[in-house]
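The values are calculated or read from the model by the stated rules, or taken from the named source; none is laboratory data. Predicted model, so just to flag it, every value in this text is computed and none were measured. Every residue, glycine among them, receives a Cβ derived from its backbone with ideal geometry; neighbour counts consider all protein chains shown. To get the accessible areas, we keep the full protein, side chains included, count just its heavy atoms, and leave off ligands, DNA and RNA. Shrake-Rupley method; radii C 1.70, N 1.55, O 1.52, S 1.80 Å.
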Amino acid sequence: MSQALHFKTQFQGRAWALPDSVDTDMITPGKYLTIIDPKGLSEHILEGWRADFPKQVKAGDILVAGDNLGCGSSREHAPLSMLGAGIPVVIARSFARIFYRNAINVGLPVMECPDMPKDFVKDGETISVNLEKGIVRNETRGIETKGIPLSAKAIEILDAGGLVNIVRKKLHARGAATQHKAPGASAESDFKSD
């Protein structure tokens, strides 16, 4: 990458091995969808998979999943709960398309590793991830696998801290971010400062 990035591209942490087809209801059960704060959501992260997981996961831990991570509904709550728990990056053999986009859009780095062996990592092993080189290494066992590099657009969004920040920056550049007024509404009814 030619330009200096503002987001971290290398990680090392304790791994959690997730099975195939962990859906968004397992990541963030539907009964918690009224919570919109990432920290609050993290109190229930993956409890649909393992009830004790929210108490065991620590900031810096890395999720390593099988195929089809994030299948199910299109809720942003799932990647937000991961951000709230301090998970810096998520690796999977494959992601559900909407989950992958939601993760990037909220600023959560993800990398797909389609050739990753099913037994590549066990809970508690140390792994390192290099997003720029597309390499995931199991430091405990001294093995590595290759991932699919992120697109230029995904890197731009992650570097901005998420899609909302990209939009905010563009609106500020146009001078359109300081006042939001719905058509036909009085000047006071829908005025917000950004």
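Please report, in debye to the nearest 20, how large the charge dipole of the chain is about its Cα centre when each Lys and Arg carries +1 at its beta carbon and each Asp and Glu carries -1 there.
Numbers: 24 positive and 23 negative charges, 92 e Å.
Here the chain has a charge dipole of around 440 debye.
Based on C-alpha pairs under 8 angstrom that are at least 6 apart in sequence, segment 1-109 has a relative contact order of 30 percent.
Protein chains only, probe 1.4 Å: how do 97, 168 rank by accessible area, largest first? Could the numbers behind the result be given before it?
Working: 97 175, 168 95 Å².
The ranking, largest first, comes out as 97, 168.
Axis of helix 163-174 versus longest Cα principal axis of the chain: the two differ by about 30°, to the nearest ten degrees.
Give me the percent of DSSP beta bridges within the chain that run antiparallel, rounded to the nearest 5. It would help to have the intermediate numbers written out before the result.
Details: 13 of 24 bridges.
Counting only bridges with both partners in the chain, antiparallel ones make up about 55 percent.
How would 93, 174 rank on accessible area, largest to smallest, probe 1.4 Å?
Numbers: 93 25, 174 180 Å².
If we order 93, 174 from most to least accessible, we get 174, 93.
Extension gain, residue 140 to residue 174: 0.36 nm times the residue separation minus the Cα-Cα distance gives 7.2 nm. Figure note: 49, 16 ranked by solvent-accessible area, largest first, 1.4 Å probe, ligands and nucleic acids not counted: 49, 16.
With an 8 Å Cα cut-off and a minimum separation of 6 or more residues, compute the relative contact order for the chain in percent.
Numbers: 397 pairs, mean separation 40.3, N = 194.
In percent, rounded to a whole number, it is 21.
Look at where the Cα atoms of segment 89-117 and of segment 38-86 average out, and the two centres are 13 Å apart.
For segment 87-165, which whole percent of the accessible surface, found with a 1.4 angstrom probe, sits on carbon and sulfur atoms?
On the way: 1860 of 3420 Å².
Percent of accessible area from carbon and sulfur atoms in segment 87-165: 54.
The Cα-based radius of gyration of segment 1-135, divided by its Kirkwood radius, gives an Rg/Rh of 0.94.
Straight-line cross-link reach from residue 122 at under 21 Å between alpha-carbon atoms covers these lysines, not counting any fewer than eight positions away in the same chain: 55, 58, 146. So which residue, out of 28, 126, 140, gets the largest mean-square fluctuation from a GNM of the chain using Cα contacts under 10 Å as springs? Looking only at 28, 126, 140, the biggest GNM fluctuation is shown by 140.
How much length is gained on full extension from residue 126 to residue 153, taking 0.36 nm per residue of separation minus their Cα-Cα distance? Don't skip to the answer; put the middle values down first.
Working: separation 27, 0.36 × 27 = 9.72 nm, distance 2.95 nm.
That works out to 6.8 nm of additional length.
Working from Cα pairs under 8 Å separated by at least six residues, relative contact order for segment 50-132 is 30 percent. Taking every protein chain into account, the accessible area of segment 1-138 amounts to 44 square angstrom per residue (probe 1.4 Å).
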